[in-house]
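First comes the structure, then the notes that go with it.
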Amino acid sequence: MRCSYRVRRAVNPLCYVALVSVTVVLILALLLDSTELWIALTSLGEEVAYVGLALAVVYLLDPLVGLLTLGIVLLSGSTNILLKYSLNIPRPPPEYWRVPAEGPGFPSGHTQVSASFWSGLAVLTPRKCTVPLALVIPVAVASSRVALGVHSIADVAGGYAIGVAISVTSAYLERCLGGGSVPLVYSLALAASSISSYLGYDLRTSSSTLGLSLGLLLLTPRVKHFIRSVHSMSLTERFLALVTSATMSLSVLYLSRPAGYVARASAYLLLALALYTVPVAFRRVRAGALRDCIKFHRGL
């Protein structure tokens with residue numbers, strides 16, 4: 001408990017720094033209409049960034065909330081692909097684009113995923129620093145997509161509404177089911193990515209979402225053990241576990257880029273298994289070190 005309190009005290013100032021930074025960049029982008037600044041803001045809507053942020057929530061705030069927000073990101077991303085390619089509503093004309101873009105326009109994926117993550121975090125952890133982040137960051141992302149010419153106002157408005165709906169529904173399930181909401185959200189993400197894969201929609205993203213969702217779903221019977229392991233970790237161990245998990249995720253992301261569908265899905269399935277073993281491995285290493293220390297002192 002003391003470790004969690006110390007971590008939360010350290011996280012709060014970082015949230016306010018992020019809030020001020022995003023607000024300043026947004027104001028400057030609006031005043032200068034700088035493509036570079038708009039690109040910086042649009043990067044805040046990348047799905048891979050929110051996988052990393054969800055891992056940070058796991059180790060720095062609350063492991064159950066972190067696992068659920070990770071599921072929300074996967075569900076939002078997979079639902080976006082399914083809706084986008086099923087509706088097949090075109091983007092604005094390419095002559096207005098200031099950056100490359102792929103696929104149909106509605107709903108905006110960047111806006112939807114950012115709205116899902118931040119609104120979900122604000123509902124699940126109603127802290128003073130998360131609520132303004134949930135308001136500012138999705139608006140900044142949505143503004144950047146319109147300013148860069150790759151989405152219409154309708155695209156980003158639809159993405160925002162769908163993203164908030166997914167996060168609020170997931171938070172409601174958490175209120176009703178507690179830890180039981182985690183496998184349900186992962187199951188929905190798996191179903192959506194499976195349908196997209198079957199229909200041939202964005203196979204590169206669908207394969208990674210399917211593999212990660214399946215792996216995490218298979219491990220949900222171990223959720224309580226995982227949470228206990230995280231709670232038992234010291235502050236230093238939590239940061240090391242976060243760095244380890246982030247490094248593994250980035251490695252799989254870059255190494256699997258040229259891979260085919262099956263290889264990519266398998267890589268993300270193995271990543272999910274590896275992510276679950278990180279806190280358990282730290283716990284066992286600490287227990288082994290303690291046993292060795294006891295044996296050493298007994299030997300004296």
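The values are calculated or read from the model by the stated rules, or taken from the named source; none is laboratory data. This structure is a prediction, so every number in the text was calculated from the model and none was measured. In this analysis, Cβ positions are derived from the backbone assuming ideal geometry, glycine residues included, and neighbour counts consider all displayed protein chains.
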Self-check item: Residue within the range 205-224 that is farther than 19 Å from V185 by Cβ and either loosely packed, with under 14 Cβ neighbours inside 10 Å or not hydroxyl-bearing (S, T, Y) (or both) present
Solution: no
Quiz item: List the pairs whose first member sits in the range 239-262 and is in contact (Cβ under 8 Å) with a residue 12 or more places away in the chain, whose second member is aromatic (F, W, Y), and whose Cβ atoms are under 6 Å apart, counting only residues at least 6 apart or on separate chains?
Solution: A241/Y59; A241/F282; L242/Y59
Quiz item: Quick check, is S181 among the polar types (S, T, N, Q), at pLDDT 90 or above and either under 24 Å from Y276 (Cβ atoms) or crowded, with 21+ Cβ neighbours inside 10 Å (or both)?
Solution: no
Quiz prompt | Test: G159 is touching a residue at least 12 places away in the same chain (Cβ under 8 Å) and under 15 Å from L44 (Cβ atoms) | solution = yes
Quiz item: Which ones in the range 104-114 are assigned to a loop (DSSP other than H, G, I, E, B) and either buried (at least 23 other Cβ atoms within 10 Å of the Cβ) or on the phi > 0 side of the Ramachandran plot (or both)?
Solution: G105, P107, S108
Quiz prompt | Test: V139 is closer than 19 Å to G77 by Cα, surrounded by 23 or more Cβ atoms within 10 Å (Cβ to Cβ) and out of contact with any helix residue (DSSP H, G or I) (no Cβ under 7 Å at 6 or more places or on another chain) | solution = no
Quiz item: How about the range 115-155: which of its residues are assigned to a loop (DSSP other than H, G, I, E, B) and within 17 Å of the chain's Cα centre (by Cα)?
Solution: T125
Quiz item: How do the pairs read when you match residues in the range 46-72 that are in contact (Cβ under 8 Å) with a residue 24 or more places away in the chain and more than 22 Å from R175 (Cα to Cα) with residues anywhere that are small (G, A, S) and assigned to a helix (DSSP H, G or I), using Cβ under 7 Å and keeping only pairs 6 or more apart or on different chains?
Solution: E47/G77; V51/S249; G52/A246; G52/S249
Quiz item: Taking the range 1-45 only, how many residues are modelled with pLDDT of 85 or more, at negative phi and either more than 19 Å from the chain's Cα centre (by Cα) or not in a helix (DSSP H, G or I) (or both)?
Solution: 18
